[in-house]
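Once you've had a glance at the structure underneath, I'll fire off some questions.
The values are calculated or read from the model by the stated rules, or taken from the named source; none is laboratory data. Because the structure is predicted, anything quoted here is derived from the model rather than measured. Counting neighbours? That spans all protein chains shown, and the Cβs are built from the backbone with ideal geometry, glycine included.
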């Protein structure tokens, strides 16, 4: 593959005090790919996702977004300095994030949530932002809820608004951090359905999830994290059909029965 | 007893002085509004210091809160009115005086900034960190997050508690009569000295404040509940 | 420094006697406010016919500025009721009135927060209403409202500075009297402010420690 990967993670370590959560993780995600990260809680998958959008600063290692380093700014002389927050903020616009807890802003309407960043960060006019916001809400099938406040929506609807909010920045990659884990079982399907549609439209996605069915069905590639390392990765059919490592076998056994 | 009752019910004296007394009540409101503006701005500043990531700034915010929250308002009014001008005068090498209005507003503003700072801080800390992270993930700057995501929620969240503080502040404005700001209480004292009829005058004053504060607090509470419920249902 | 010695330290006897008066007034007012607050609260909750009276009194005490109450008690009460007969009495009565209104609401909150099941459990083992109140309700209310009660004491201390206005010779009065001898207010008033701030700080810190202790030991969140 000669094209520049959309996301390249290079040997990322993350340490909290004496606890090393990530012990050197590297991988690439190419345009249009859907990558699922699975693993037991505490395996480091959420931390890895938070490093990718720099909500956590990697202790060592770096992340490249279309070839541009997220953590460091290289100058002509080849020396590297930590990137200032303003530039990180600019680069984050290319990463749409959907959180486990939705994290909608409760004092804004649904549309207000979706257009806040396009309007005030990307500088679109309110009208253009509202137009874009309407399109994004349509993609998650919530155009009729635009003027509601988040508190009046179900969990599944809130999470779909969160997806629309991330889409509205027209990001290069969508990051999903356990998007269905705080939803009641009967509400997960509507969210997974929207995510399937996004994948079918060719959206580049990194998904941390416990939904094995979704991972198997939608992903181009599955990564199994264990103790801060990628224990096993590959295409889902191969991974789930013929798991290589004993740990992964135990892990999926727990989810299947 | 019947004579005192008659005297008590004799509100004609209040009617006689109605313009002076109403003007006094207006002074209470004026001092209240100015002091509230000072208290809210200083309180927000102190709260931001207290949630700062830098330790010295946090300590400074804590010091501000602990001094002013624990200071009796009357003592602060007296201190600001009689000591502060002398200190400023020494610094500037000139004679310096504070208008009693200004002293009152500074003193009450500072004292209540201590209370408001704590309310602001609790409100800021109540905003889930995930909402801030959601803002960061959209590429918002910290200032944008503060003004657009955090503070609008803080204002809504702190409303019920801050209504109590606004009412305390309004009640505290009666203290300014003691440094000769011509508020309602000051006028009542002046009229009492002329008429020598403390019973109806002080009872009337108490009833006026009671009525104003009771009505204001019920109205404000009802209004804020309605506004708040829309969002934090 | 010489000024501080002359204007503050050498006046320590006067200041101390003022402080004693302040403490006396605050403690008497505090004790009366707790009793009065409890009475008002019980009347409001359990004595149907007197309920409106209790509500009006509680709201009146809470919604009137302390200075107004102080002057009202001091100037209007003697004509109305022939009492209080001294400034000292008027001072603590006014402070107690205000705080009893606040404490009545605090107690009510504490009583209402006790789960119904506690009462039902007590009745089901055959306890009589008075016994239930004394053994089950009151102790819990005392614990859960203790931090608020301590906090109310800081309000009393702060309000007590105003009793100097009706010539009760408390700390604030003594301080201003001394200021008026030499007209050099900087040191004296600063020291007075510092003394009050420290006292209130200590009381409120104790209150905070108390509420932490209660939460740790009994799992009670302060009312």
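Please give the number of the condition residue A:199 fails out of (1) more than 12 Å from chain B (Cβ to nearest Cβ); (2) buried (at least 24 other Cβ atoms within 10 Å of the Cβ); (3) in contact with a strand residue (DSSP E or B) (Cβ under 7 Å, 6 or more places away or on another chain).
It is condition (2) that residue A:199 fails.
Quick check: anything in the stretch B:44-53 over 17 Å from the mean Cα position of the chain (by Cα), surrounded by 20 or more Cβ atoms within 10 Å (Cβ to Cβ) and within 14 Å of chain C (Cβ to nearest Cβ)?
Within the stretch B:44-53, not a single residue is over 17 Å from the mean Cα position of the chain (by Cα), surrounded by 20 or more Cβ atoms within 10 Å (Cβ to Cβ) and within 14 Å of chain C (Cβ to nearest Cβ).
Consider residue A:42 against the criteria (1) out of contact with any helix residue (DSSP H, G or I) (no Cβ under 6 Å at 6 or more places or on another chain); (2) crowded, with 16+ Cβ neighbours inside 10 Å: it satisfies all of them except one. Which criterion is unmet?
Among (1) out of contact with any helix residue (DSSP H, G or I) (no Cβ under 6 Å at 6 or more places or on another chain); (2) crowded, with 16+ Cβ neighbours inside 10 Å, residue A:42 violates only (2).
Also, quick follow-up: Report every pair of residues separated by at least 6 positions or lying on different chains whose Cβ atoms are under 8 Å apart, first residue within the stretch B:194-207 and within 7 Å of chain C (Cβ to nearest Cβ), second outside any helix (DSSP H, G or I).
Filtered contacts from the stretch B:194-207: B:206/C:64.
Restrict the check to the stretch B:108-129 and report whether at least one residue is outside any loop (DSSP other than H, G, I, E, B), surrounded by fewer than 19 Cβ atoms within 10 Å (Cβ to Cβ) and at the interface with chain A (Cβ under 10 Å from one of its Cβ atoms).
yes
Out of the residues in the stretch C:182-201 that are more than 9 Å from chain B (Cβ to nearest Cβ) and out of contact with any helix residue (DSSP H, G or I) (no Cβ under 9 Å at 6 or more places or on another chain), state the one that is surrounded by the most Cβ atoms within 10 Å (Cβ to Cβ).
The extreme case among them is C:194.
So which residues in the stretch C:117-130 are over 22 Å from residue C:40 (Cα atoms) and assigned to a helix (DSSP H, G or I), if there are any at all?
Selection gives C:117, C:118, C:120, C:121, C:122, C:123, C:124.
Separate question: On the basis of being assigned to a helix (DSSP H, G or I) and either touching a strand residue (DSSP E or B) at 6+ places or on another chain (Cβ under 7 Å) or surrounded by 23 or more Cβ atoms within 10 Å (Cβ to Cβ) (or both), does residue A:166 make the cut?
Here the answer is yes, as residue A:166 does meet what is asked.
Quick check on this structure: which one of A:155, A:241 is free of Cβ contacts under 8 Å to residues at least 60 places away in the same chain and within 28 Å of residue A:93 (Cβ to Cβ)?
Going through A:155, A:241 in turn, just one is free of Cβ contacts under 8 Å to residues at least 60 places away in the same chain and within 28 Å of residue A:93 (Cβ to Cβ): A:155.
Look at residue B:104 and say whether it is more than 12 Å from residue B:43 (Cβ to Cβ), surrounded by 20 or more Cβ atoms within 10 Å (Cβ to Cβ) and touching a residue at least 24 places away in the same chain (Cβ under 8 Å).
Criteria met by residue B:104.
Would you be able to say whether some residue in the stretch B:62-82 is more than 14 Å from every other protein chain (Cβ to nearest Cβ) and either assigned to a helix (DSSP H, G or I) or at pLDDT 90 or above (or both)?
no
Where residues in the stretch C:165-181 are touching a helix residue (DSSP H, G or I) at 6+ places or on another chain (Cβ under 6 Å) and facing another protein chain (nearest Cβ under 8 Å), which of them is modelled with the highest pLDDT? Write out each step before concluding.
Step one: list which residues in the stretch C:165-181 are touching a helix residue (DSSP H, G or I) at 6+ places or on another chain (Cβ under 6 Å), which gives C:166-175, C:178-179.
The next check asks that each one be facing another protein chain (nearest Cβ under 8 Å); those that pass are C:172, C:179.
Numbers: C:172: 92, C:179: 88.
Checked the stretch C:165-181; the qualifying residue modelled with the highest pLDDT is C:172.
Does residue B:36 satisfy being without any contact (Cβ under 8 Å) to a residue 24 or more places away in the chain, part of a helix (DSSP H, G or I) and closer than 30 Å to residue B:204 by Cα?
Numbers: without any contact (Cβ under 8 Å) to a residue 24 or more places away in the chain: no; part of a helix (DSSP H, G or I): yes; closer than 30 Å to residue B:204 by Cα: yes.
Judged against the criteria, residue B:36 is not a match.
For residue A:225, state whether it is more than 14 Å from every other protein chain (Cβ to nearest Cβ), in contact (Cβ under 8 Å) with a residue 40 or more places away in the chain and touching a helix residue (DSSP H, G or I) at 6+ places or on another chain (Cβ under 6 Å).
yes
Can you pull out every residue in the stretch A:175-191 that is surrounded by fewer than 22 Cβ atoms within 10 Å (Cβ to Cβ) and either under 22 Å from residue A:119 (Cβ atoms) or more than 14 Å from chain B (Cβ to nearest Cβ) (or both)?
Pass one, the stretch A:175-191, residues surrounded by fewer than 22 Cβ atoms within 10 Å (Cβ to Cβ): A:178, A:181-190.
A:183, A:184, A:185, A:186, A:187, A:188, A:189, A:190, listed by residue number.
Within the stretch B:150-166, is even one residue farther than 29 Å from residue C:167 by Cα, free of Cβ contacts under 8 Å to residues at least 12 places away in the same chain, facing another protein chain (nearest Cβ under 8 Å) and part of a helix (DSSP H, G or I)?
Looking through the stretch B:150-166, at least one residue is farther than 29 Å from residue C:167 by Cα, free of Cβ contacts under 8 Å to residues at least 12 places away in the same chain, facing another protein chain (nearest Cβ under 8 Å) and part of a helix (DSSP H, G or I).
Just wondering, is there one or more residues in the stretch A:234-246 that are at pLDDT 90 or above, closer than 22 Å to residue A:199 by Cα and not in a helix (DSSP H, G or I)?
Yes, the conditions are met somewhere in the stretch A:234-246.
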